[in-house]
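What follows is a short report on a single structure.
The values are calculated or read from the model by the stated rules, or taken from the named source; none is laboratory data. Quick caveat, the model's predicted, so the values are computed rather than measured. We place every Cβ from the backbone using ideal geometry, glycine too, and count neighbours over all the protein chains shown. Accessible surface areas use protein heavy atoms only, side chains included; no ligands, DNA or RNA. Shrake-Rupley method; radii C 1.70, N 1.55, O 1.52, S 1.80 Å.
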Amino acid sequence: MHIRDWPSHERPREKLLARGAAALSDAELLAIFLGSGLRGQDAVATARQLLDRHGPLRRLLELDPAGLARLPGLGPARACKLSAALELCNRWLAAGLERGEALTDPASAGRYFAQRLRGQAIEVFAALFMDTRHRALAFEELFRGTIDGAEVHPREVVRRALAHNAAAVIVGHNHPSGNPEPSAADRAVTAQLKQSLALVDVRLLDHFVVGDGAPVSLAARGWV
């Protein structure tokens, strides 16, 4: 049965218009993007097949354009459109921090770190430098390591904070394993960073660990 022959409340586009995009499954959202499916399949069936064979969704969307283009049901044109759509989403997430607005929602900083660091094959440690009103000054990837660690030098974080004349800093790093639970080493380096930054009158506001799912805030755990 073609999607146009489905009951209207079950069709992905109609469901989105009536209930919002959040009401759709991963396959339904991908089906709207595809528009049509492989021969003998509707778009939802093709989307489910892509997710079953190359998913879950995060893993599928982490493929580069060339990798996406090789998948059945996508091809070069759709791969380019999907990669462009993802970059639009990334830039939208970053826009609030980059247009000089004060950071009032800590969760938005976590989403920003996730957008920048998730999917990295190695551990990357980054810092967001802010002014006295908690407006973003700069975001920098400071240290890159291996699949299970990155050596962090507090003195370098302090040096970059002074270079940006920052009053506050949020740091974050990814766990390539996908497990966002902070390690004992993560807690130790957080304490060292807080102490080192305080010596130059810069506040460490949070440390996010990025893995699968929502980033973990060490501040929310009471560890900053």
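A few comments on the model shown:
- Per-residue extension of 0.36 nm, minus the Cα-Cα distance of His164 and Glu140, leaves a gain of 7.6 nm for this segment.
- Principal axes of the chain: Cα extent on each, largest first, Å: 67, 35, 30
- Residues within the reach of a label modelled at Ser183 (point 7 angstrom out along Cα to beta-carbon, backbone nitrogen below 11 Å), restricted to region 118-149, are 123, 146-149.
- The chain: calculated mean residue ellipticity at 222 nm from DSSP helix runs of at least 4, using -39500 (n - 2.57): -13500 deg cm²/dmol
- Entry note: region 115-186 has Rg to Rh equal to 0.99, where both radii use alpha-carbon atoms and Rh is the Kirkwood radius.
- Approximate spin-label separation Ala45-Ala94, in nm, with each point projected 7 Å along Cα-to-Cβ: 4.0
- Among the GluC sites (Glu not before Pro) in region 19-127, those placed in a DSSP loop whose Cβ has at most 15 other Cβ atoms within 10 Å are Glu62, Glu101.
- Working from label points 7 Å from Cα in the Cα-to-Cβ sense, the Leu199 to Arg59 distance is 4.5 nm.
- Packing-based ranking, highest mean first, of 157-164, 69-76, 170-177 given that Cβ atoms within 10 Å are counted: 170-177, 157-164, 69-76
- Spacing of the two label points (7 Å from each Cα toward its C-beta) at Asp52 and Ala107, in nm: 3.4
- Å² of accessible area per residue within the chain, as computed with a 1.4 Å probe and no ligands counted: 55
- Cα gyration tensor, region 1-114 - rounded (a/c under 1.5), prolate or oblate: oblate
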